[in-house]
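> My questions will all concern the structure given below.
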Amino acid sequence: MAAHQEKKLSEERKHQNMQNGTKASQGQWGRAWEVDWFSLASILFLLMFAPLIVYYFIMSCAQYQCSLTDPLLDLLRGNKHLSDIWNRTPMLTYRAAGIYSLWVTFQVVLYMYIPDFCHKFLPGYVGGVQEGAVTPAGVVNKYEINGLQAWIITHVLWFANASFLHFFSPTIIFDNWIPLLWCANILGYAVSTFAMIKGYFFPTNAKDCKFTGNFFYDYMMGIEFNPRIGKWFDFKLFFNGRPGIVAWTLINLSFAAKQQELYGEVTNSMILVNILQGIYVLDFFWNEAWYLKTIDICHDHFGWYLGWGDCVWLPYLYTLQGLYLVYHPVQLRTAHALGVLVLGLLGYYIFRATNHQKDLFRRTGGSCRIWGRKPEYIECSYTSVDGARYYSKLLTSGFWGWARHFNYTGDLIGSLAYCLACGFEHILPYFYIIYMTILLVHRCLRDEHRCSSKYGKDWKRYTAAVPYRLLPGIF
């Protein structure tokens, strides 16, 4: 009888409050309160070396034809000094600063002042004002979902300029690539520092702030859960989605234009990179409302990890395949090109179908069919920091019965396809699959540690039902 009542509560009123004084559960749900030595060492390493890693990759392409070993060999053999490499690096220019300032301002305008209209005429698209997930403090934020609209407007203007307006060259991004890097770094550090100061002195919601007492950890991982200015400017949604991801496809288009300018053609490998990564970007914006339920929005606080990462790491290292193909144009054999295309589409299908199954399950409360069958799931509950009890269900059917993070598996397959499009001459374009593997495995572990603390014994029942994380039978 009690089990029946709990199930009824879960289905009829998902967010019903029940006071609960379990402080341990409250403290463990979300970002860590305590910082162990390994976490601190990792954070110090990233704060010191992540900007240098980005610079090293971009410099290697600009000065060493994308070789990752030649700069080190030059330095070790005494052929070059660090000052020689630095002196050949383009510095910040007024032109780049103007371009970048205009770009960010334009994206802010699209984000803040043009309400979404795409949901009014695109069947199946969810846009406009949407609710996010419940925060650890029990807050439900509202968001203006208009990323697809911003992407469309931006790219219509880009192609209009390339076709007949000719206000600037389509190669403008490549031509100012390193000066723009300095602009991106300035914004990344500025917004991260502002977010930390805001968390201390004027947080949006004080109950959703976390202070560990360790300056470096708090700066890196963030203090505020959802820092906002005014009602609608949400730092996490803006910097996660704009300006970096909107720019992703523009950057690739600029690389393709540069390849055309230098060699008189755009290779099939460059076309594949533009298509496959373009699909990924469009998918992100088509499903931006769904993104509100992901780990970035639901669990991560906003600090340097997201602020600097979205401004610098994402646009500069996620686009290495296109940059590499400017310096090393690759014309793939037909069979190779088709194989890359099929692999990329397969990865996308797994990624999207897996996420669709979870989204369908959530939206219907389990009243749906997955692979033609009624879904199986684990009933569970958790407590927010304000002592409220919430109920949810963990899906164990479809792809989610194969592995606990099978959407990441599809993401990795697609990532591999981007790299394979570049051939096998250099390792640089393969950085993406190496990095994504490390990132997603780490996210699996982070997410599962959080879920274990959040759901307790219910999580143990779930992991017993779905024993593998990414690869069924292996991991």
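The values are calculated or read from the model by the stated rules, or taken from the named source; none is laboratory data. Keep in mind it's a predicted model, so treat the numbers as computed, not measured. Reconstructed Cβ throughout: ideal geometry from the backbone, glycine too, with neighbour counts over all protein chains shown. Ligands, DNA and RNA are excluded from the accessible area calculation, which covers all protein heavy atoms including side chains. Shrake-Rupley method; radii C 1.70, N 1.55, O 1.52, S 1.80 Å.
> Identify, from the list ASP296, ASP310, the residue that is farther than 18 Å from LEU187 by Cβ and out of contact with any Pro (no Cβ under 7 Å at 6 or more places or on another chain).
Among ASP296, ASP310, only ASP296 is farther than 18 Å from LEU187 by Cβ and out of contact with any Pro (no Cβ under 7 Å at 6 or more places or on another chain).
> Scan the range 250-266 and give yes if some residue there is on the phi > 0 side of the Ramachandran plot, open to solvent by 10 Å² or more (accessible area, probe 1.4 Å), of a type outside the set (Asp, Glu) and at pLDDT 95 or above, otherwise no. It would help to see each step written out before you state the result.
Looking only at the range 250-266, we keep the residues that are on the phi > 0 side of the Ramachandran plot, and these are 264.
Now narrow it down to the ones that are open to solvent by 10 Å² or more (accessible area, probe 1.4 Å): 264.
Now narrow it down to the ones that are of a type outside the set (Asp, Glu): 264.
From what is left, the residues that are at pLDDT 95 or above are 264.
The answer is yes; a qualifying residue exists.
> Let me ask something additional. Could you list, in sequence order, all residues of the range 74-108 that are free of Cβ contacts under 8 Å to residues at least 12 places away in the same chain, open to solvent by less than 60 Å² (accessible area, probe 1.4 Å) and assigned by the TED database to the domain that holds ILE245?
GLY98
> Another one. With respect to GLY230, determine if the residue is of a type outside the set (A, V, I, L, M), within 24 Å of GLU144 (Cβ to Cβ) and open to solvent by less than 50 Å² (accessible area, probe 1.4 Å). Talk me through it step by step, then tell me what you get.
Values: of a type outside the set (A, V, I, L, M): yes; within 24 Å of GLU144 (Cβ to Cβ): yes; open to solvent by less than 50 Å² (accessible area, probe 1.4 Å): no.
Considered against the rule, which asks whether it is of a type outside the set (A, V, I, L, M), within 24 Å of GLU144 (Cβ to Cβ) and open to solvent by less than 50 Å² (accessible area, probe 1.4 Å), GLY230 comes out as no.
> Test ILE295 against the criterion of being out of contact with any Lys or Arg (no Cβ under 7 Å at 6 or more places or on another chain) and among the β-branched types (Val, Ile, Thr), and give yes or no. Give the derivation first.
On the way: out of contact with any Lys or Arg (no Cβ under 7 Å at 6 or more places or on another chain): no; among the β-branched types (Val, Ile, Thr): yes.
So ILE295 fails the test.
> Of the residues in the range 295-329, how many are β-branched (Val, Ile, Thr) and not in a helix (DSSP H, G or I)?
Result for the range 295-329: 1.
> Among the residues of the range 391-436, count how many are closer than 23 Å to LEU338 by Cβ and either β-branched (Val, Ile, Thr) or assigned to a strand (DSSP E or B) (or both).
Of the residues in the range 391-436, 3 are closer than 23 Å to LEU338 by Cβ and either β-branched (Val, Ile, Thr) or assigned to a strand (DSSP E or B) (or both).
This table checks each residue for (1) of a type in the set (S, T, N, Q); (2) surrounded by fewer than 13 Cβ atoms within 10 Å (Cβ to Cβ).
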site: ASN161; (1), (2): yes, no
site: PHE164; (1), (2): no, yes
site: PHE174; (1), (2): no, no
site: LEU181; (1), (2): no, no
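> Also: Filter the range 446-474 down to the residues that are open to solvent by 40 Å² or more (accessible area, probe 1.4 Å) and of a type in the set (D, E, K, R) and list them by number.
ARG446, LYS457, LYS460, ARG461, ARG469, listed by residue number.
> Right, something else. Give GLU265, GLU261 a once-over and let me know the one that is in the same structural domain as SER192 (by the TED database), in a helix (DSSP H, G or I) and more than 15 Å from the chain's Cα centre (by Cα). Reasoning before the result, please.
Working: GLU265 fails: in a helix (DSSP H, G or I).
Sole residue among the options that is in the same structural domain as SER192 (by the TED database), in a helix (DSSP H, G or I) and more than 15 Å from the chain's Cα centre (by Cα): GLU261.
> I need the full set of residues from the range 53-107 which are part of a loop (DSSP other than H, G, I, E, B) and basic (Lys, Arg), in order please. Outline the logic, then answer.
The first filter runs over the range 53-107 and keeps only residues part of a loop (DSSP other than H, G, I, E, B), leaving 65-69, 78-81, 88-93.
Passing the criteria: LYS80, ARG88.
> If you don't mind, another one. Could you give me the residue pairs with C-beta distances under 6 Å whose first residue belongs to the range 133-160 and is assigned by the TED database to the domain that holds HIS119, whose second residue is among the polar types (S, T, N, Q) and open to solvent by less than 40 Å² (accessible area, probe 1.4 Å) wherever it lies, and which are 6+ apart or on separate chains?
Pairs found: PRO136/SER384; GLY138/SER384; ASN141/ASN226.
> Testing PRO375 on (1) modelled with pLDDT under 90; (2) in a loop (DSSP other than H, G, I, E, B), one condition comes back false. Which one is that?
Of everything listed in (1) modelled with pLDDT under 90; (2) in a loop (DSSP other than H, G, I, E, B), PRO375 misses just condition (1).
> Tell me, please, whether a residue that is open to solvent by 20 Å² or more (accessible area, probe 1.4 Å), free of Cβ contacts under 8 Å to residues at least 60 places away in the same chain and either within 23 Å of MET112 (Cα to Cα) or not assigned by the TED database to the domain that holds LEU282 (or both) can be found in the range 204-221.
Looking for residues that are open to solvent by 20 Å² or more (accessible area, probe 1.4 Å), free of Cβ contacts under 8 Å to residues at least 60 places away in the same chain and either within 23 Å of MET112 (Cα to Cα) or not assigned by the TED database to the domain that holds LEU282 (or both), one finds at least one in the range 204-221, hence yes.
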